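Colleague: Have a look at this one.
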Amino acid sequence: MLDIKWIRDNPKALAEALKKRSWSAEDAQSTVDDLIARDEARREHLTELQTRQERRNAASKEIGNAMRSGDAALAEKLKAEVGEIKAFIQNGEARERELDKALNDALAVLPNVPLDDVPVGKDEHDNVVKRTVGKVPTRPNWVKEHFEIGEALGMMDFERAAKLSGSRFTVLKSGLARMERALGQFMLDLHTTEHGYEEVQPPLMVRDEVLYGTGQLPKFEEDLFFAPHGDGRLGLIPTAEVSLTNLVREEITAHEKLPLRYTALTPCFRSEAGSAGRDTRGMLRQHQFYKVELVSITDQESSLAEHERMTECAEAVLKRLELPFRTMTLCTGDMGFGARKTYDIEVWLPGQNAYREISSCSVCGDFQARRMDARYKDRDGKGNRFVHTLNGSGTAVGRALIAVIENYQNEDGSVTIPEVLRPYMGGLAKIESK
């Protein structure tokens with residue numbers, strides 16, 4: 001959530017930021033005007049409420065003076081005035097809550113402001129290559145896509161998954177099931193032992209206010225799965241970012257404890273409401289998948305450097321797996337709702353003859369912290385400031401499995417296991433059909 005004071009002081013900057021995010025000039029300006037009008041109405045009401053409260057306090061003292069001086073008529077007149085003021089204040093406090101909610105509802109669906117160095121563009125075609133790692137090999141004519149390889153091995157079953165759950169689910173078996181587990185364990189070990197992240201096993205179901213804290217609600221409710229719980233509901237996490245980032249919600253963290261770095265391997269659940277017809281074959285876009293998440297909580301001065309560090313940690317996974325990839329700086333029109341800047345890491349998939357996203361690392365500034373009321377103590381301990389939050393995939397386990405299958409496939413249909421995964425596979429060097 002953006003700071004309304006910053007919006008009030010920088011209306012043109014917000015309008016320009018929204019236009020960079022592909023809003024029309026008319027929509028951007030009307031949104032800014034509406035926010036400022038809501039804020040002005042709220043502030044005027046608060047001023048009037050404060051004035052009335054001050055008059056009530058003064059009139060209460062005057063009543064005492066009138067009674068002591070024996071002026072009963074004045075005392076009764078003042079009592080009537082105080083009664084009217086009390087009624088106004090009571091109604092005014094309800095009105096204050098209404099105005100607060102109206103302003104917060106408008107702010108809640110407003111995206112974050114991109115950093116100045118983010119390339120301006122409309123969509124993925126305007127993203128910019130930051131670096132390319134590894135050489136894309138010549139593509140032999142026998143190369144297949146991951147689902148063709150998995151089905152031929154008898155270890156990837158979409159038909160039975162559809163019988164159980166419908167489309168966009170997969171049953172993995174035998175060597176491929178074990179390799180998916182191995183990938184997750186390898187990533188966790190790398191991030192905890194070498195990169196300094198603390199492993200967490202968080203809840204997979206969370207309250208609405210937690211989803212609101214990281215920006216999934218209210219804007220992206222249709223992308224979530226919910227389960228009834230008591231008189232309300234709990235949402236299944238679309239990413240462990242939700243649980244991990246909210247570990248600091250409604251808290252004040254000591255400055256010397258920052259940065260906090262968390263990682264988790266969890267199932268993730270997404271309805272993929274806006275992806276009809278996209279990636280319908282295979283495992284690329286699933287309702288349920290595993291992902292290793294990276295989350296950092298920093299002070300304001302460190303967040304940009306932490307963003308570079310986090311991206312390098314995610315890249316290290318692909319380097320160890322010896323998979324070709326490139327890192328892209330997303331343009332303003334392709335960036336996520338809560339991000340100020342995002343790097344997407346795209347792994348090479350020879351079956352598709354294309355790079356596909358496997359990790360997205362974003363710095364959010366204090367956007368999520370304001371929604372969570374998450375703060376930290378200044379270095380001098382005298383004041384509190386909002387933390388800065390970052391999140392990234394370290395990486396998507398299912399997509400890493402796809403990348404390994406396609407890049408390590410052999411002409412005979414077997415899949416060579418990368419060296420770094422063999423200790424997690426009991427020394428097995430190859431996955432072959434039974």
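Colleague: Treating the angle as unsigned and between 0 and 90°, give the value, to the nearest 10°, between the Cα long axis of helix 25-68 and the longest Cα principal axis of the chain.
Modeller: Approximately 40 degrees, to the nearest 10.
Colleague: Now for a separate question. Multiply the residue separation of H255 and L164 by 0.36 nm, subtract the distance between their alpha-carbon atoms, and state the gained length in nm to one decimal.
Modeller: The H255-L164 span can extend by a further 27.9 nm.
Colleague: Taking the alpha-carbon centroid of each part, what is the distance from the range 133-184 to the range 313-355 in angstrom?
Modeller: 20
Colleague: May I pose another question? Tell me the carbon and sulfur percent of the accessible area for the chain, rounded to whole percent, probe radius 1.4 Å.
Modeller: So the carbon and sulfur contribution to the accessible surface is 46 percent.
Colleague: While we're looking at this one, here's another question. Please name whichever of F337, Q368, L294 sits farthest to the positive end of the charge dipole of the range 291-434, dipole taken about the Cα centre and charges placed at Cβ: Lys and Arg +1, Asp and Glu -1.
Modeller: Q368
Colleague: If I stretch the segment between E16 and V420 completely, what's the gain in nm (0.36 nm per residue apart, minus their alpha carbon distance), one decimal?
Modeller: 140.7 nm
Colleague: Also: With respect to the cross-link table entries K144/K319; K20/K101; K122/K257, which display a Cα-Cα separation exceeding 30 Å?
Modeller: In this structure, K122/K257 exceed 30 Å between Cα atoms.
Colleague: Another question, then. What does the accessible area per residue of the range 134-193 come to in Å², with a 1.4 Å probe and no ligands, DNA or RNA counted?
Modeller: Computed with neighbouring chains in place, this is 54 Å² per residue.
Colleague: Here's something else I'd like to know. At a probe radius of 1.4 Å, what is the per-residue accessible area of D223, in Å² to the nearest 10?
Modeller: For D223, the solvent-accessible surface is approximately 50 Å².
Colleague: Would you mind working out the magnitude of the charge dipole of the chain relative to its Cα centre, with +1 at each Lys and Arg C-beta and -1 at each Asp and Glu C-beta, to the nearest 20 Debye?
Modeller: Here the size comes out at about 460 debye.
Colleague: Okay, next question. Once a ≥ b ≥ c are taken as the square roots of the eigenvalues of the Cα gyration tensor of the range 1-57, is the result rounded (a/c under 1.5), prolate (a/b larger than b/c) or oblate (a/b not larger than b/c)?
Modeller: Since a/c reaches 1.5 and a/b is larger than b/c, the shape of the range 1-57 is classed as prolate.
Colleague: So what's the back-of-envelope 222 nm ellipticity for the chain, counting only DSSP H runs of four-plus at -39500 (n - 2.57) apiece and dividing by all residues, rounded to 500?
Modeller: Computed mean residue ellipticity for the chain: -13500 deg cm²/dmol.
Colleague: If you don't mind, there's one more thing I want to ask. Once label points are set 7 Å from the Cα along Cα→Cβ at both K173 and A25, what is their separation, rounded to one decimal in nm?
Modeller: 6.2
Colleague: Kindly sort Y408, Y343 by accessible area of their heavy atoms, largest first, with the probe set to 1.4 Å.
Modeller: These residues rank, largest area first, as Y408, Y343.
Colleague: Taking 7 Å along the Cα-to-C-beta vector as the label spot, tell me the V136-R285 distance in nanometres, rounded to one decimal.
Modeller: 2.1
Colleague: Under a crude label model (7 Å from the Cα following the beta-carbon direction), how far is Q50 from K86 in nanometres?
Modeller: Label at Q50, label at K86, 2.5 nm between them.
Colleague: So how much slack lies between E301 and E198, counting 0.36 nm per residue of separation and subtracting their Cα-Cα distance, in nm?
Modeller: 34.9 nm
Colleague: Can you send over the solvent-accessible area of W6, 1.4 Å probe, protein chains only, in Å² to the nearest 10?
Modeller: 90
Colleague: State whether the range 328-377 is rounded, prolate or oblate according to the following rule on the C-alpha gyration tensor (a ≥ b ≥ c being the square roots of its eigenvalues): a/c under 1.5 gives rounded; otherwise a/b larger than b/c gives prolate, and the remaining case gives oblate.
Modeller: Because a/c hits 1.5 or more and a/b exceeds b/c, the range 328-377 counts as prolate.
Colleague: Another question, then. Give the shape of the range 99-182 as rounded, prolate or oblate, defined through the alpha-carbon gyration tensor: a ≥ b ≥ c are the square roots of its eigenvalues, a/c under 1.5 means rounded, and otherwise the shape is prolate if a/b is larger than b/c and oblate if not.
Modeller: Oblate is the answer for the range 99-182, as a/c is 1.5 or above yet b/c matches or exceeds a/b.
The values are calculated or read from the model by the stated rules, or taken from the named source; none is laboratory data. Quick caveat, the model's predicted, so the values are computed rather than measured. FYI the Cβ positions are ideal-geometry reconstructions off the backbone, even for glycines, and counts take in every protein chain you see. We work out accessible area using only protein heavy atoms, side chains counted, and drop any ligands, DNA or RNA first. Shrake-Rupley method; radii C 1.70, N 1.55, O 1.52, S 1.80 Å.
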